[in-house]
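For reference, the structure is listed below as structure tokens.
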Amino acid sequence: MPQRRVRPKLPEVSESQCQSRLAWNQGLTGQPRPPAERPAFEPCPAVFCGAPVVGRRAPAAGMVQVRGAADGAAAHWYCPDRCAAIARARADIRAIPLRPGGER
């Protein structure tokens, strides 16, 4: 497959180029603001969130049982909000069959 040529970026030197850039950026100039100093995820404060299922009783009130994927992964208890949704999504992703080349 032929490579695409990349046009070199020319410096903006004329006044009209600078005004056009400011209009496009809605007046913003300089470097963007650094990202917030927060972790990508925060650990769940629930004590038994993510505990494997042993027996039929939930380890704490309000916990939701999320079954593992069809590949035989074990079921776990999660808090009913974000953690249960993430666990269900991960189980759904694991249930996607692999293609012959090893990709999903």
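What nm distance separates the two modelled labels at Leu10 and Arg99, each placed 7 Å from Cα along Cα→Cβ?
4.2
Cα-based Rg of the chain per 2.2 N^0.38 Å, rounded to two decimals?
1.96
What number, rounded to the nearest 500 deg cm²/dmol, is the helix-based mean residue ellipticity at 222 nm of the chain, given -39500 (n - 2.57) per DSSP H run of at least four residues and division by all its residues? Before the final figure, lay out each step's value.
Working: 2 runs with 23 residues, N = 104.
Mean residue ellipticity at 222 nm (helix-derived): -7000 deg cm²/dmol.
Sorted by mean Cβ packing within 10 Å, highest first, what order do the peptides 10-18, 72-80 take?
72-80, 10-18
In segment 29-74, which trypsin sites (Lys or Arg not before Pro) are in a loop and have at most 10 other Cβ atoms within 10 Å, using DSSP for the loop call?
Working: sites: Arg56, Arg57, Arg67; in loops: Arg56, Arg57, Arg67.
Answer by residue number: Arg56, Arg57.
Across segment 73-85, in residue order, what do the Karplus-derived ³J(HN,Hα) couplings come to in whole Hz, using 6.51 cos²θ - 1.76 cosθ + 1.60 with θ = phi - 60° and x for Gly and Pro?
5, 6, 7, 9, 9, 9, 5, x, 9, 5, 5, 5, 5
Short version: ³J(HN,Hα) in whole Hz for each residue of segment 19-29, in order, from phi by Karplus 6.51 cos²θ - 1.76 cosθ + 1.60 (θ = phi - 60°), x for Gly and Pro, what are they?
Computed from phi, the couplings for segment 19-29 are 5, 5, 5, 5, 5, 5, 8, 6, x, 7, 9 Hz.
None of the figures in this text is laboratory data; all of them are computed from the coordinates on show. It should be emphasised that the depicted structure is a prediction, and the values quoted were computed from it without experimental measurement. FYI the Cβ positions are ideal-geometry reconstructions off the backbone, even for glycines, and counts take in every protein chain you see.
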